[in-house]
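Following: one structure in structure tokens, then a few remarks.
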There are 2 protein chains.
Amino acid sequence: MSLKTLSAKNASELDKDLMSSGAFSIDQLMELAGLSVSQVVYHLQPLSKGNRILVACGPGNNGGDGLVAARHLWHYGYKPTIYYPKQSKNELYQRLCTQLKTLDIPFTEDFQSALKETDHIVDAIFGFSFSGEVREPFPAVIEALRDTKLPVTSVDAPSSWDIEDGPPSSGPGKGFQPDALISLTAPKPLAKWFKGRHFLGGRFVSPQIAQKYDLEIPKYEGLSQIVELPSGEGKL
Amino acid sequence: MSLKTLSAKNASELDKDLMSSGAFSIDQLMELAGLSVSQVVYHLQPLSKGNRILVACGPGNNGGDGLVAARHLWHYGYKPTIYYPKQSKNELYQRLCTQLKTLDIPFTEDFQSALKETDHIVDAIFGFSFSGEVREPFPAVIEALRDTKLPVTSVDAPSSWDIEDGPPSSGPGKGFQPDALISLTAPKPLAKWFKGRHFLGGRFVSPQIAQKYDLEIPKYEGLSQIVELPSGEGKL
């Protein structure tokens, strides 16, 4: 079985199409992306098995998806904590933070301590626009994600993985294999190396866009904003 | 049993709070409101019982909620048709329309003909900011909603009802009693006169806002963006 994937370049182009010809705002897309992330966590981490969720957010859109997910998780009954050390000055991200603060969701600057008091971690650090080196303060965070026994759900990419070439052969992400991955809009090529449970989110792609980027959109069930990709798919 | 309601004035103030201190954008709020409307339709109108949904949209925010709901319904597998005779020039509404057009969702100018080819109607004509007279071309539409045997789901208010005083004693809406109502954020006083199935949507209200406006937020289950209010509630 093979699942078609979307290169980093095409993922960026697709996002631009969604916002130009598709007429979506980034607010809408991020809301729906974050909602789908929250649904994956809900499925993998039932409230009864521990409701503390540590959401590690990077400086870009991937981090924004994490911020939205955290808000929805709070409304489901979880207790999210946010680690967001490189906060964007962008107005949207600042609003997403305010939305969390009005719910009294705590922000921490100490990832290692927060890790000791959580049940599940959302890795929303780097997404499809990541390339190159992992910059401070994230190397130690990615090492901790690699070494923890707690379940980790990565958003769009296991952070530090190369979007095209997958797991790095050196550096903090060497050997990092999260438990779950939610690919947004379409799996990226790195999915070939991913061994955990794989979900797809982003139930807003039009047939035209799917055709243009040669995507296969699997069947979402009912009202779900996510669909699990069968084991063996996601491999090239 | 009584359920606390929100006056038209307070509903307007609450929306302003959500967008000022709450830091939500209208894009986000409308996305979540429309999503909750789509979930009500999904529950009341299973795909197997007829998938054609006529969404009647008014010129304001209520219409915008309908436009968003239609998009989600399409993704669930429904065939929405949009009646939107007084289209706002506001950029957000234009974008919501474009999002529908990229899915090839048809727009009709002939409500009466469309009514003959649908299974369920969403009344997203007027919301909590409605007062006074029903203007053209909506009187005949509201008469049709009153007289149809098809199920009608109203968004926030049965259109033409007075937000505080409920069903009008004259005019096209006299005797209009939709099958279902989804109140957004909180029921409005008109809910006292509503006899059908009553849902609440808007799973984004913070405890502070609930306290400020003296709202009782019922318990949403699981991932649902809606909660049905028990029979007898919604009555003052």
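The values are calculated or read from the model by the stated rules, or taken from the named source; none is laboratory data. Please read these numbers as outputs of a predicted model, since none were measured by experiment. Cβ placement follows ideal geometry from the backbone for every residue including glycine, while neighbour counts extend to all protein chains displayed. Just the protein is used for accessible areas: all its heavy atoms, side chains included, with ligands, DNA and RNA removed. Shrake-Rupley method; radii C 1.70, N 1.55, O 1.52, S 1.80 Å.
What residue, of B:Ala70, B:Ala23, B:Ala8, B:Ala56, is on the phi > 0 side of the Ramachandran plot and either touching a Phe, Trp or Tyr at 6+ places or on another chain (Cβ under 7 Å) or of a type in the set (A, V, I, L, M) (or both)?
B:Ala23
From (1) over 15 Å from A:Ser183 (Cα atoms); (2) crowded, with 16+ Cβ neighbours inside 10 Å, pick out the condition that doesn't hold for A:Gln39.
Failing condition for A:Gln39: (1).
Can we say A:Lys4 is farther than 13 Å from A:Ala124 by Cβ and either away from chain B (no Cβ under 12 Å) or modelled with pLDDT under 95 (or both)?
yes
Here are B:Gly234, B:Gly166: which of them is more than 24 Å from A:Tyr76 (Cβ to Cβ), modelled with pLDDT under 95 and open to solvent by less than 10 Å² (accessible area, probe 1.4 Å)?
B:Gly234
Which of the helices (runs of 4 or more DSSP H) found entirely inside the stretch A:1-91 contain at least 3 residues meeting this: acidic (Asp, Glu)?
Those helices (runs of 4 or more DSSP H) span A:8-19.
Which pairs do you get when a residue that is within 9 Å of another protein chain (Cβ to nearest Cβ) and more than 17 Å from A:Ala124 (Cα to Cα), found in the stretch A:18-34, comes within reach of a residue that is open to solvent by less than 10 Å² (accessible area, probe 1.4 Å) and charged (D, E, K, R), reach meaning Cβ atoms under 7 angstrom, with the pair 6+ apart or on two chains?
Listed by first residue and then by second, the contacts come to A:Gln28/B:Glu31.
Quick check: is even one residue across the stretch A:173-185 over 24 Å from A:Asn61 (Cα atoms) and either without any contact (Cβ under 8 Å) to a residue 60 or more places away in the chain or out of contact with any helix residue (DSSP H, G or I) (no Cβ under 6 Å at 6 or more places or on another chain) (or both)?
yes
Of A:Asn10, A:Asn51, A:Asn61, which residue is among the polar types (S, T, N, Q) and buried (at least 23 other Cβ atoms within 10 Å of the Cβ)?
Answer to the check: A:Asn61.
Have a look at B:Phe130, B:Phe138, B:Phe199 and point out the one that is over 13 Å from the mean Cα position of the chain (by Cα) and of a type in the set (Phe, Trp, Tyr).
The conditions single out B:Phe138.
Taking the stretch B:38-75 as the region of interest, how many residues are of a type in the set (A, V, I, L, M), within 21 Å of B:Lys86 (Cα to Cα) and more than 9 Å from chain A (Cβ to nearest Cβ)?
Matching residues across the stretch B:38-75 total 7.
What's the total number of residues in the stretch B:94-109 that are without any contact (Cβ under 8 Å) to a residue 12 or more places away in the chain and out of contact with any Ser or Thr (no Cβ under 6 Å at 6 or more places or on another chain)?
5
Against the conditions (1) touching a helix residue (DSSP H, G or I) at 6+ places or on another chain (Cβ under 9 Å); (2) at pLDDT 95 or above, where does A:Ser129 fall short? Just the number, please.
It is condition (2) that A:Ser129 fails.
Among the listed residues A:Glu91, A:Glu109, A:Glu133, A:Glu117, identify the single one that is acidic (Asp, Glu), open to solvent by 50 Å² or more (accessible area, probe 1.4 Å) and closer than 24 Å to A:Asn10 by Cβ.
Result of the check over A:Glu91, A:Glu109, A:Glu133, A:Glu117: A:Glu133.
Condition check: out of contact with any strand residue (DSSP E or B) (no Cβ under 9 Å at 6 or more places or on another chain), outside any loop (DSSP other than H, G, I, E, B) and surrounded by 16 or more Cβ atoms within 10 Å (Cβ to Cβ). Does B:Ile182 satisfy that?
When the stated conditions are applied, B:Ile182 does not pass them.
Give the residues of the stretch B:94-106 that are assigned to a loop (DSSP other than H, G, I, E, B) and open to solvent by 30 Å² or more (accessible area, probe 1.4 Å), sorted by residue number.
B:Thr102, B:Asp104, B:Pro106
Picking from A:Glu143, A:Glu133, which residue would you name as being touching a residue at least 24 places away in the same chain (Cβ under 8 Å) and in a helix (DSSP H, G or I)?
Only one candidate passes the filter, namely A:Glu143.
Which of the numbered conditions does A:Glu117 fail, given that it passes all the others? Conditions: (1) within 14 Å of chain B (Cβ to nearest Cβ); (2) on the phi < 0 side of the Ramachandran plot; (3) among the charged types (D, E, K, R).
Looking at each condition in turn, A:Glu117 falls short on (1).
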